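Beneath this line is the structure, given in structure tokens, with notes to follow.
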Amino acid sequence: MGELTSPAGDNRIIALEGSESGFATTKLDALLGWARKYSLFMYPFVTACCGMEFMALSSSRFDISRFGAEAPRFSPRQSDLLWVVGTISQRQAPVLRRIYEQMMEPKYVLAFGTCASCGGFYDNYTTVPGIDKIIPTDVYVPGCPPRPEAVLDGLMLLQDKIARGDRTPGIVKPRQDPAEALVSIRKRDKSSDTHEGGSR
């Protein structure tokens with residue numbers, strides 16, 4: 001039915017032939033990236049108050065199943081997306097590291113909330129100042145707690161990174177940048193000062 005060809009270079013090509021006419025070609029890496037993008041099995045590591053937002057995200061209102069990431073797996077050997085939800089203390093750090101090491105490759109990590117991203121408002125010796133001190137993190141979702149829409153933005157960012165094969169960390173940016181609003185206010189103030197000065 002189909003045939004897998006591998007040329008001399010890194011560009012592996014898969015050719016799927018039709019019954020009578022027509023065929024499709026694509027890179028094997030792109031095909032695998034597309035398949036991985038929509039088959040994320042999550043392992044929720046929920047420790048604190050962000051768990052309530054995680055439960056809201058898992059409900060039918062936000063419908064995380066349309067992204068192919070709704071099935072939680074409570075065994076690290078069956079999951080490929082680790083959701084770190086909430087504050088991580090120094091005593092939990094070795095457990096989190098062990099769970100990450102037990103996951104199969106390729107594995108991805110999403111930091112859910114400010115406490116998981118940078119330690120949050122806890123500035124003491126018992127709290128880990130961000131899970132990137134323990135395990136490599138792919139996407140950071142800021143917020144205390146983050147809105148489910150921001151978490152879905154983070155999930156879509158992770159899916160795009162998986163499809164591209166990009167392993168650099170990504171940060172979910174706000175939908176509206178507050179700095180742009182400040183610039184527009186300053187421009188408006190300058191224009192009103194100009195009009196007032198010209199009329200005198």
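The values are calculated or read from the model by the stated rules, or taken from the named source; none is laboratory data. Not measured: the values here are computed from a predicted model. Cβ sites come from the backbone with ideal geometry, for glycine too, and all protein chains shown count toward neighbours.
The set of residues from the range 137-173 being acidic (Asp, Glu) and assigned to a loop (DSSP other than H, G, I, E, B) comprises Asp138, Asp166. Select from the range 33-49 the residues that are modelled with pLDDT of 80 or more and aliphatic (A, V, I, L, M) and write down the one among them that is farthest from Gln102 (Cα to Cα). Per the stated criteria, the residue is Ala48. Among the listed residues Val128, Val172, Val183, Val95, identify the single one that is modelled with pLDDT under 85 and more than 19 Å from the chain's Cα centre (by Cα). After ruling out the rest, the residue left standing is Val183.
Restricting attention to the range 93-117, the residues that are outside any loop (DSSP other than H, G, I, E, B) and buried (at least 17 other Cβ atoms within 10 Å of the Cβ) add up to 12.
Here's the yes/no breakdown for (1) more than 22 Å from Asp132 (Cβ to Cβ); (2) acidic (Asp, Glu); (3) modelled with pLDDT of 80 or more; (4) part of a loop (DSSP other than H, G, I, E, B):
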{"position": "Pro7", "(1), (2), (3), (4)": "yes, no, no, yes"}
{"position": "Ser21", "(1), (2), (3), (4)": "yes, no, no, yes"}
{"position": "Asp29", "(1), (2), (3), (4)": "yes, yes, no, no"}
{"position": "Gly51", "(1), (2), (3), (4)": "no, no, yes, no"}
{"position": "Ser65", "(1), (2), (3), (4)": "yes, no, no, no"}
{"position": "Leu82", "(1), (2), (3), (4)": "no, no, yes, no"}
{"position": "Arg91", "(1), (2), (3), (4)": "no, no, yes, yes"}
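Of all residues in the range 118-136, those being in a helix (DSSP H, G or I) and closer than 22 Å to Glu53 by Cβ number 3.
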